[in-house]
Amino acid sequence: MRYSMLFGKTTKDAPHDADSANARLLTQAGFISQLTAGVYTYLPLGLRVLTKIQAIVREEMNTLGAQEVLMPALHPKQLYEATGRWEEIDVMFKVDGAGGKEYGLSSTAEEVITPLVKEHVRSYRDFPVALYQIQDKFRNEPRAKSGLLRGREFSMKDLYSFHLTEEDFLEFYEKAKVAYLTVYLRCGLKAMIAAASGGVFTKKHSHEFQVPTEAGEDKIYINKETKEALNKEVVPESDWENTDTYDIVKSIEVGNIFPLECKFSNAFELKTQGSDGEMIDIIMGCYGIGPSRVMGSIVEVHHDEKGMIWPKAVAPYHVHLITLPAKEEEMTERIETTATSLIEEFEQAGIEVLWDDREEVRAGEKFADADLIGIPLRLVISQKTLTEDSVEWKERHESEARLVKLEDVGGQAQEWLSVPERLTSHE
């Protein structure tokens, strides 16, 4: 992709209401555009990142054995009347339809997935069932804030599992924990599992996945003796400032899983006849990851004073190639020819390249834009580098550049891309 043709360029102006690093940097770098509070358009660079995160989530959910569906985002009121949650969910957007019908925009999906499973399962042999979707959700947050971390419209992966026995549910629940940690690691985040209260669904604990960062709005309490991590809600209020017992860490919640028991299956009379002829109540679990929230969290953890530092797996492009035109036309043509040849070699190897081909922009501005955008590897081709038949190589997290011979750069780039990254915070 030529940067000169890219829709959505960098800007020096930060949004006036940007209250977080991800809101500021993603906007300035041309990844997102705010339509209204908590509602964003994903520009081409931002959509590439979001799509890569969603692909990682999808791969791990498929590996878990779940099947993907796509449910409506417009939900009839009567589904929520069956569970008593029409008035209970205070963040639901409610709309009036033709003929006096009332609907809610999807903020969650229990009321849709449960009757769907009831319609399509035929016997106990069809269980267990695990279905997920990746869909925009809508929540009427009283105060949307922190960019992609708390929006009114956001990308959500919601998975629901259905089981005949508690043992089968718990086995799947533990596998889901592992799958979730794998998702975050692949996205460049080192998450911890924290116990949380079960809320309105169950008397049992649920679990949150938290990424430690000073930008976090949550607090996680890590018991110094047992090393167990707890959400603030499950710590006695008297211990909220107890630093003798707990290490208190600021963090961002990037996902949660919790038992639903039989609350929704009973509401919709989802039962099945067992092999002994007895009716079995169906046990459910719910598992959520917000890909857009993960995207914002990555920026909060991986940035410096110059801009974002994307992990290779989710970066919009792997390589940010910069060409610096020379004074002589012949040398400029050689620079362009070298860039074109290198890009072709990279693309054949599966290496994605954003080429800053702008001729009227000075080198310093191009370098500043590259730092802001945060693509993990920057390569520069100029008259100076070509006099040594080389390309300037600089990884985004490094302070110094080095020269790599043109004949070697393709192989080194492939090797670099294949090496797993160490998880470090760049705050």
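Some points to look at:
- Selection from segment 98-156 of residues that are without any contact (Cβ under 8 Å) to a residue 60 or more places away in the chain and touching a helix residue (DSSP H, G or I) at 6+ places or on another chain (Cβ under 7 Å): 102, 103, 104, 112, 128, 129
- The listed residues are 14, 23, 18, and the only one of them that is over 17 Å from the mean Cα position of the chain (by Cα), under 23 Å from residue 213 (Cβ atoms) and buried (at least 16 other Cβ atoms within 10 Å of the Cβ) turns out to be 18.
- For residue 422: the one exception among (1) in contact with a helix residue (DSSP H, G or I) (Cβ under 9 Å, 6 or more places away or on another chain); (2) under 19 Å from residue 310 (Cβ atoms); (3) of a type in the set (Lys, Arg): (1)
- From the options 278, 344, residue that is out of contact with any Pro (no Cβ under 8 Å at 6 or more places or on another chain), surrounded by fewer than 23 Cβ atoms within 10 Å (Cβ to Cβ) and closer than 27 Å to residue 390 by Cβ: 344
- Output for segment 27-77, where each listed residue is small (Gly, Ala, Ser) and part of a strand (DSSP E or B): 33
- Selection from segment 320-335 of residues that are surrounded by fewer than 16 Cβ atoms within 10 Å (Cβ to Cβ) and either touching a Phe, Trp or Tyr at 6+ places or on another chain (Cβ under 6 Å) or acidic (Asp, Glu) (or both): 328, 329, 330, 333
- Among residues of segment 5-21, those that are in contact with a strand residue (DSSP E or B) (Cβ under 8 Å, 6 or more places away or on another chain) and either part of a helix (DSSP H, G or I) or modelled with pLDDT of 95 or more (or both), counted: 3
- When residue 162 is tested against the conditions (1) in a strand (DSSP E or B); (2) surrounded by fewer than 15 Cβ atoms within 10 Å (Cβ to Cβ); (3) of a type outside the set (S, T, N, Q), the lone failure is (2).
- Some residue of segment 88-97 being under 17 Å from residue 288 (Cβ atoms) and of a type in the set (D, E, K, R): no
- Flag if residue 305 is surrounded by fewer than 17 Cβ atoms within 10 Å (Cβ to Cβ), under 30 Å from residue 251 (Cα atoms) and free of Cβ contacts under 8 Å to residues at least 12 places away in the same chain: yes
- Residue check, residue 97 within 19 Å of residue 158 (Cα to Cα), surrounded by fewer than 21 Cβ atoms within 10 Å (Cβ to Cβ) and among the small types (Gly, Ala, Ser): no
The values are calculated or read from the model by the stated rules, or taken from the named source; none is laboratory data. Bear in mind the structure is a predicted one, so any value in this text is a computation, not a measurement. A quick note on method: Cβ atoms are made from the backbone with ideal geometry, for glycine too, and the neighbour counts reach across all protein chains shown.
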